[in-house]
Each structure stands twice: as C-alpha cells, then as structure tokens.
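J.: Here you go, one structure.
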Amino acid sequence: MSDNTMDRLPLGDVFKEAWKAQAAQTQAIWKKAEELGVGRDLIELVYVRASQINGCAFCLDVHVREGLKAGLTTLKLSVTPAWREAGAVYDDVERAALTIAETATDPVAAHENTAEYDAAREVLGDDKTALLAWAAICINGWNRMHALSHTPVEGV
C-alpha cells in the first residue's frame, strides 16, 4: 500500500478471459481494416485521440509509438488535441476519423454531434465509419482497463 491506498487491481491479470476477448476484438478490427484498405496509421490516429480524451498514459505511450511506426508524423501526433485548428495537417479522411474517435469516446458528443458525425460518415462510407467507431469503442475499453489498473507507462 502507498499513500494510504491499496495498490490497483490488475484487471487483465485477474479476469484473463475478458482481457482475451478484448484482445480478440482488437485483432478483428485490424483484420477488417486490412480488408477495407484502411491503413494502420488511421487506426492508430483514432486510438491516440481517444486515449488523449481519456487521459490514458499507458495507451498513449503505446499508440504514439505504434502510430509513428505506421507512418504518422510527429506533427500529426503532436497537434491531435487541436486537430480542428490544425489546417491542412490532416486530410478529409483523417478529420473524419478524428470526428468518429471523439464522438465514440464522449457519450454526450454521440448525441449532440450528429451533423459532424453525418459529415464524417459521408466522407468514410458506412463500412469505414463502423470500423473506426469500433476501433474507438475498443480503445475506450482498453483505456478504462489500464486506467483502473494503473498500468505503468513502459516507454520510459
């Protein structure tokens, strides 16, 4: 125990079946992305934006590094929180993906951002919209599990 609180429960270690199901969902997303011709860079952009909103240091560490490996630039990753003000840094598909990431991460936005969501859906089409929404839903689950578990950042 530290600071009069118990150490956090490592949820993935205690309930391995749930962790494995979450990992299988991640694999299904990557497989579907490949089928649809959606690059890993776009998936990682969604993961990074959702993880920023959720404040998950562990997932940000992992997905910023994975995003760089997938071809995202340092500029794109560094200005993601202000993507609407970033001008031509992002193309229309990336902007649509960021919209989906934010809408899926914030339940209030899911109800209020219908015009922005519909515009993103028009850019992406239904299959890619669904894929990116599931990617955001999945990373939201990972964010919450790692936050509750206090999973330490590994990139140090």
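The values are calculated or read from the model by the stated rules, or taken from the named source; none is laboratory data. In this text, all values refer to a predicted model and were calculated from it rather than measured experimentally. When we count neighbours, we look across all protein chains shown, and the Cβ atoms used for this are built from the backbone with ideal geometry, even at glycine. Accessible surface is based on the protein model in full, side chains and every heavy atom, while ligands, DNA and RNA are left aside. Shrake-Rupley method; radii C 1.70, N 1.55, O 1.52, S 1.80 Å.
J.: Go through segment 106-146 and give me each residue that's in contact (Cβ under 8 Å) with a residue 60 or more places away in the chain and open to solvent by 50 Å² or more (accessible area, probe 1.4 Å).
T.: Answer for segment 106-146, where residues must be in contact (Cβ under 8 Å) with a residue 60 or more places away in the chain and open to solvent by 50 Å² or more (accessible area, probe 1.4 Å): ASP127, LYS128, TRP134, ARG144.
J.: Right, here's the next one. Which count do you get for residues in segment 127-156 that are at pLDDT 95 or above, farther than 18 Å from ASN113 by Cβ and small (Gly, Ala, Ser)?
T.: The total comes to 1.
J.: List every residue pair whose Cβ atoms sit under 8 Å apart, with the two residues 6 or more apart in sequence or on different chains, where the first one lies in segment 65-85 and is open to solvent by 50 Å² or more (accessible area, probe 1.4 Å) and the second, anywhere, is of a type in the set (S, T, N, Q).
T.: LEU68/THR74; PRO81/GLN52
J.: For segment 50-64, which residues satisfy the criterion of being of a type in the set (D, E, K, R) and open to solvent by 40 Å² or more (accessible area, probe 1.4 Å)?
T.: Hits for segment 50-64: nothing passes.
J.: Is at least one residue of segment 36-47 in contact (Cβ under 8 Å) with a residue 40 or more places away in the chain and either open to solvent by 90 Å² or more (accessible area, probe 1.4 Å) or over 19 Å from LYS128 (Cβ atoms) (or both)?
T.: Scanning segment 36-47 turns up no residue that is in contact (Cβ under 8 Å) with a residue 40 or more places away in the chain and either open to solvent by 90 Å² or more (accessible area, probe 1.4 Å) or over 19 Å from LYS128 (Cβ atoms) (or both).
J.: When you scan segment 42-63, do you find a residue that is assigned to a helix (DSSP H, G or I), farther than 20 Å from MET145 by Cβ and charged (D, E, K, R), even just one?
T.: no
J.: If we scan segment 88-99, do we find a residue that is touching a residue at least 24 places away in the same chain (Cβ under 8 Å) and surrounded by fewer than 17 Cβ atoms within 10 Å (Cβ to Cβ)?
T.: Yes, segment 88-99 contains at least one residue that is touching a residue at least 24 places away in the same chain (Cβ under 8 Å) and surrounded by fewer than 17 Cβ atoms within 10 Å (Cβ to Cβ).
J.: Pairs needed: first member in segment 8-26, within 10 Å of TRP142 (Cβ to Cβ); second member anywhere, among the small types (Gly, Ala, Ser) and surrounded by 13 or more Cβ atoms within 10 Å (Cβ to Cβ); C-beta distance under 7 Å; at least 6 residues apart or different chains.
T.: GLY12/SER149; TRP19/GLY12; GLN22/GLY141
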